[in-house]
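Worksheet: the structure to be examined is printed underneath.
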Amino acid sequence: MMSRAKILHSLAAAALVTILLAACVPAEPGADSGTPSSATSTAAPKDSAVNAKGTRLFSQADVETLAGIVAGPGGATGEVLTGERLWDTNQSLHFGAGSAQVIPAECSDVIGWATLMAEGIPSAGTFSGARAEPVFIALSADRDAALALAFRSITKLPDCSPATMTLEDQSFTATYQRASAFTDADQSFAVIATIIMDGRRPAHFLRVAAKNGTLFVQATMSLADPDNYRAEADRLTGYVNQVVHGEQQLLDGARPSPGQGPDPGPEQEPPSVTKSA
């Protein structure tokens, strides 16, 4: 588990986490406002597919497979993160949630569970996007409906704004506001999170979270203007939908395959990662 000192280092030395996102894009080759899902099973009747989606217990290998098919610009896929590396990265991008002292105190559990990760929960993640605009994608598979309950915490984040968070002797303010994003998952919710520390400019992050059956996905990227986020929301929605479609392939008994990925554009270079076949 990430130490408080290590989280502080990530928050401060990484320039309010914005640089953390860019720094963590793999440099080496990598080994309720929702809308109904449009994916249907081709291997079984529709009702059977829906039931399977609601009861399937995805394994650690399953979530790692799904993280590994997330395609960035040009179809590039990134390194799959698990274990301590995944936990540390996810904690940092949630401003040390679960380790920080939070005021108001009743928001501590809300902010902590909004990470959608806990011990014993199969989880994996990856970085994608371009180096100029990196995206972090985290996946978790539910156990005993723990994440189904935790997902509600994300919708409650705006009610905990502002929150004062303290790690060691350093305090900062986190604010949360609702945003709009629509994915192919059963449920989705978007939030703009801002971290404010003395002597630094506020740093904004857009997070799109989705629940599809027993699988949970979050895609996060930095945001320049919290009042103008439509393009970023569409980009994150595309990444979430790649995972949702890969999940359906698993449910259909097929091996998930990488998607096309977004167009890198004329002035963007995808990170140096493995190209999908």
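The figures follow:
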| read-out | value |
| --- | --- |
| Residue selected from segment 176-200 under the condition outside any strand (DSSP E or B) and not aliphatic (A, V, I, L, M), by the criterion most open to solvent (accessible area, probe 1.4 Å) | ASP198 |
| Test: residue in segment 213-232 that is under 24 Å from GLY68 (Cβ atoms), under 14 Å from the mean Cα position of the chain (by Cα), of a type outside the set (A, V, I, L, M) and open to solvent by 40 Å² or more (accessible area, probe 1.4 Å) | no |
| Residues within segment 56-73 that are part of a helix (DSSP H, G or I) and buried (at least 24 other Cβ atoms within 10 Å of the Cβ), tallied | 3 |
| Residues satisfying the stated conditions in segment 132-160, i.e. surrounded by fewer than 16 Cβ atoms within 10 Å (Cβ to Cβ) and either outside any helix (DSSP H, G or I) or of a type in the set (A, V, I, L, M) (or both) | ALA132, ARG143, ASP144, ALA145, ALA146, ALA148, LEU149 |
| Inter-residue pairs, beta-carbon under 8 Å, first under 13 Å from LEU157 (Cα atoms) and in segment 88-104, second part of a loop (DSSP other than H, G, I, E, B) and modelled with pLDDT of 85 or more, 6+ apart | HIS94/ALA114; HIS94/THR115; ALA97/ALA114; ALA97/THR115 |
| Number of positions in segment 161-175 that are assigned to a loop (DSSP other than H, G, I, E, B) and either touching a Phe, Trp or Tyr at 6+ places or on another chain (Cβ under 6 Å) or modelled with pLDDT under 95 (or both) | 3 |
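The values are calculated or read from the model by the stated rules, or taken from the named source; none is laboratory data. Owing to the predicted nature of the structure, the values given are computational and were not obtained by experimental measurement. FYI the Cβ positions are ideal-geometry reconstructions off the backbone, even for glycines, and counts take in every protein chain you see. For accessibility, only protein heavy atoms count, side chains too; no ligands or nucleic acids. Shrake-Rupley method; radii C 1.70, N 1.55, O 1.52, S 1.80 Å.
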